[in-house]
1. Set the Förster radius R0 to 25 Å, insert the Cβ-Cβ distance between Glu252 and Lys167 as r into 1/(1 + (r/R0)^6), and round the FRET efficiency to 0.05.
2. Tell me which residues come under 5 Å, amide H to amide H, from Ser277 once H is placed; ignore anything under 5 positions away on its chain.
3. Which log10 I(q)/I(0) values does the chain give at q = 0.13 Å⁻¹ under the Debye formula, counting every alpha carbon as one identical point scatterer?
4. State the extension gain, in nm to one decimal, for the chain segment bounded by Cys468 and Glu323, taking 0.36 nm per residue of separation less the distance between their alpha-carbons.
5. Only residues of segment 65-80 count here: report those whose backbone N is under 16 Å from the spot 7 Å along Cα→Cβ of Gln146, or say none.
6. What is the distance, in nm, between label points placed 7 Å from the Cα along the Cα-to-Cβ direction at Arg419 and at Arg332?
7. Contact order normalised by length for segment 21-86, with contacts defined as Cα pairs under 8 Å and 6 or more residues apart; what percent is it?
8. What relative contact order, as a whole-number percentage, does segment 124-210 give when Cα pairs under 8 Å and 6 or more residues apart are counted?
Amino acid sequence: MKTIAETLNQANELESVLSLVLAKLLELTNLKAGWIFQVSKDPNLGHSCLSAEGIPEALARNEMAPLKAKSCWCIDRFRDGRLKHAVNILSCERLEEEMLIAVGDTEGISHHATIPLWAGQEMFGIMNVASPGKKHFKEEELALLQSVAFQIGTAIERTMLYRQQQKRAVHFAKLGEITRSLGRLLATEKIAGESVQRYGEAFDIPLVTVFIQEGNNLSPRMEFMDGKLYSCCSSYSMRGLGPIGQAFLKQETIRFNRTIADNDISRKKGLYPEIRSGVAVPIILRDEPIGVFFIGSLHKQYFDTVDAEVARAFTDHIALAYENARVYEQRRDLARSEERNRLARDLHDSVSQMLFSLNLTSRGLESMIGDAEPLVKEALTDIRQLSQNSLTEMRSLILQLRPAGLEHGLLTGLTQYGRQIGLTITTQVEGVRELPRMVEEALWRIGQEALNNVIKHARSKDAFISLCTTPDHVHFEVKDEGIGFTKERRTRQVKFGMHTMRERAEALGGSFGVQSHKGKGTTIQITFPLSIMKNA
């Protein structure tokens, strides 16, 4: 036991520790062969052979393929909790199969002892030891092997803690380097791409994605996959994203080790390859989830608790970057609003008055001339009509610059605007609450853009506007029953309009969603968490 303890203190690397102690144990006990399995609780993750010493040719062939193959009695019993102490294995399944196929020599080994290994309170794996012709281990031998297993478990726990501390120090040092630039980003649309690319490159992770909420769905905004950056436009339900959706709904970090691609995210759509392990962390801004940061790998058990800690810390920086960018965009929008109001006043006080005077003057001259000068009267009529048309266009421009209809309410203003451009508007209101000025103006601009899309692209003269307010959220919806469109057949103007509405919503911490089907109309959905805008 003293020799084993000294051997366990000779290395800090897990594989080295196990190899050294296994070799020393075989030497001290005069046993011939031994191998150590790391076993996961999840049967889908299988097991791995971390160390093997003196194993017969039958088990060593093809880079220890027989040891890496299917599960066996001892692994199954350990996984389901029935293997708690060192036991005799009457006959090894793996060796029996090798003897049947007669590919390699078992060197007289047919039985082994199996000893469970625990690292602290966590199950780690099992150790098997054997010798040619030895079919039974005495109780004293099993007790000794169990004592050695306790020592090995303690060493494993120490080694794993040491490895975690090393990894934590290195990863957080890298994290400090890659987060400095995030705070300097002043455009919300750049944050997702910058985040996933820097994180993926720094930690050599094959898949990094930022999902942003869109209504009741999550949209993978940017992906860093296999060293390349991709933008995305798809949207998925919370349930369809499995652990990613759960992280958003539960507002907690979820680390998983299983296949999610085939069941949760359709590979046919080309979103992901087969993800075997991952970490999903909610992006929380002022106590409200706005998205999910996700890292994934094709390999089993690729991420540990340190990876989850680092991802969670990085997500805090992402949320802070969004907060800084939104504050900047709100200030910029406020400056733009003030400038629009100034322009609207100047246009109303100068150009509009001059056009109105020109219209009255031309009308007066028409009356004075009568039918005496038909050519002059015709020219004056043209001048009057042009001035009237220009005055109408100017009033429409002033209305867009300064939403005069808002003093009577958001829906009243949008209804009046819709009538001006030739739409019949139906409205629905649920809840009564005074909205923050920034939210109300953002919804006014989004509503204008949505109604413009209806008249220009939907080929419909009717639109439905819904406004629902609760103590925590405001939900806004513009719907038509026009021709609709598919994601693949959006026109350039429609894409630009959607992008503008999305930017306005996300600049204030809101979410933007669109649902459209060819021949079935289009619905624009906006949600603002009012808790984020309480100081707006």
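The values are calculated or read from the model by the stated rules, or taken from the named source; none is laboratory data. Since the structure is predicted, the reported quantities are computational estimates derived from the model, not experimental observations. Backbone-built Cβ (ideal geometry, glycine too); neighbour counts: all protein chains shown. All accessible areas refer to the heavy atoms of the entire protein, side chains included, with ligands and DNA or RNA removed. Shrake-Rupley method; radii C 1.70, N 1.55, O 1.52, S 1.80 Å.
1. Calculated value: 0.65.
2. Arg258, Ser297, His299
3. -1.21
4. Stretched fully, the Cys468-Glu323 segment lengthens by 49.7 nm.
5. Correct set: 78.
6. With each label point 7 Å from Cα toward Cβ, the separation is 3.7 nm.
7. 27
8. 18
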